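S.K.: Below: one structure in structure tokens.
The values are calculated or read from the model by the stated rules, or taken from the named source; none is laboratory data. Treat the numbers as computed from the prediction; the structure is a model and nothing was measured. Note: ideal-geometry Cβ built from the backbone for every residue, glycine included; neighbour counts use all protein chains shown. Only protein heavy atoms, including side chains, enter the accessible area calculation; ligands, DNA and RNA are left aside. Shrake-Rupley method; radii C 1.70, N 1.55, O 1.52, S 1.80 Å.
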Amino acid sequence: MIISHRYKFIFFSFPKTGSESVRASLSSFNEVSVLPWRQRNPFYPHMSPLETQRVFEDLNWDFESYRRISCVRNPFPRLVSLYRMICRVDGFWRNGLRPSFDTWIKMVSSSGCGGGGRPHQRWRQYGAWSARTWLYDANGRSLASDIIRLEDINVALPQVLAELALPDLSIPHLNPQSRVDWATWYDTQSVQHVKTKYSWD
């Protein structure tokens, strides 16, 4: 995440939505200490909007006065990307002890434990959340003022940056994976699972 008091904006890093690349491009504007979750710092990279709102309240900072930006992404390619990343970094999965994609899709939750993993692997948990779970509180209020689709980021993000009087920044492509045709990962049943769990998205 990125928090700029000078420019009054927060960037929430929703996993697998190009957020790491945006975070890198905005890093020079960050004004808080962002450390890994297990270091118990108030702010960590994939902190959810709801968690951020609570910390702002604890610090007596006015959450609503900040532009609150987050990217979202079509859940079909996002879930394929998340599964492939787990395959790369999870020791058990790398050794062949991993569920098939079809089995995994049935196991993940669009809220709560999300994509599972250890407590510090917030990217894995939140990466499987629906955009609805990520962006809204329990009363249905949006916690973000600007929601940018990854598919539109090259047009939408510069507009937001211009409104904040930030310079036009180039966005590096970090955390890349070899391109795959995500549609080929799905069969009829898994498509229906995603449509049901992520209907809001």
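S.K.: I'd like to know how the range 58-109 sits against the 2.2 N^0.38 Å rule of thumb: what's its Cα Rg over that expected value?
M.R.: The range 58-109 yields a ratio of 1.74.
S.K.: Here is a further query. Ignoring ligands, DNA and RNA, please state the percent of accessible area on the chain from carbon and sulfur, probe 1.4 Å.
M.R.: Looking at the chain in its full context, I get 50 percent from C and S.
S.K.: What does the accessible area per residue of the range 12-59 come to in Å², with a 1.4 Å probe and no ligands, DNA or RNA counted?
M.R.: Details: 2140 Å² over 48 residues.
Here the per-residue accessible area is 45 Å².
S.K.: To the nearest 20 debye, what is the magnitude of the charge dipole of the chain about its Cα centre, counting +1 on the Cβ of each Lys and Arg and -1 on the Cβ of each Asp and Glu? All intermediate terms of the calculation are to be shown ahead of the outcome.
M.R.: Values: 25 positive and 18 negative charges, 143 e Å.
In total the dipole reaches around 680 debye.
S.K.: Is the shape of the range 98-172 rounded, prolate or oblate, going by the alpha carbon gyration tensor and its root eigenvalues a ≥ b ≥ c, with a/c under 1.5 for rounded and a/b larger than b/c for prolate?
M.R.: prolate
S.K.: Considering the Cα trace of the range 7-77, what is its radius of gyration and what is Dmax, both in angstroms?
M.R.: 12.4, 39
S.K.: Would you please give the residues with an amide H less than 5 Å from that of Arg68, counting only those at least 5 places away or on a separate chain, with H modeled from the backbone geometry?
M.R.: Those qualifying (amide H under 5 Å, at least 5 residues apart or on another chain) are Ile10, Ser145, Asp146.
S.K.: Another question, if that's okay. Take the Cα gyration tensor of the range 1-124, multiply each eigenvalue by 5, square-root it, and list the three semi-axes largest first, rounded to whole angstrom. Each step should come with its number before you reach the end.
M.R.: Numbers: eigenvalues 174, 43, 36 Å².
Values for the range 1-124, descending: 30, 15, 13 Å.
S.K.: So, one more: Can you give the longest stretch of the chain with no exposed loop site, where a site means trypsin sites (Lys or Arg not before Pro) in a DSSP loop (not H, G, I, E or B) with at most 13 other C-beta atoms within 10 Å? Walk me through the numbers before you get to the answer.
M.R.: Numbers: sites that count: Arg6, Lys8, Arg40, Arg141, Arg179.
Longest stretch, sites excluded: 41-140.
S.K.: For the range 128-136, just list the computed ³J(HN,Hα) in residue order, Karplus coefficients 6.51, -1.76 and 1.60, θ = phi - 60°, integers in Hz, with x standing in for Gly and Pro.
M.R.: 9, 5, 6, 4, 4, 5, 5, 9, 10
S.K.: Mind checking which of Gln53, Ser21, Leu166 is farthest towards the positive end of the chain's charge dipole, using Cβ charges of +1 (Lys, Arg) and -1 (Asp, Glu) about the Cα centre?
M.R.: Highest projection toward the positive end goes to Ser21.
S.K.: Give me the Å³ per residue figure for the convex hull around the C-alpha atoms of the range 48-201.
M.R.: 140
S.K.: If you restrict to DSSP beta bridges whose two residues both lie in the range 1-81, what percentage is antiparallel, to the nearest 5?
M.R.: Looking only at bridges with both residues in the range 1-81, the antiparallel portion is about 40 percent.
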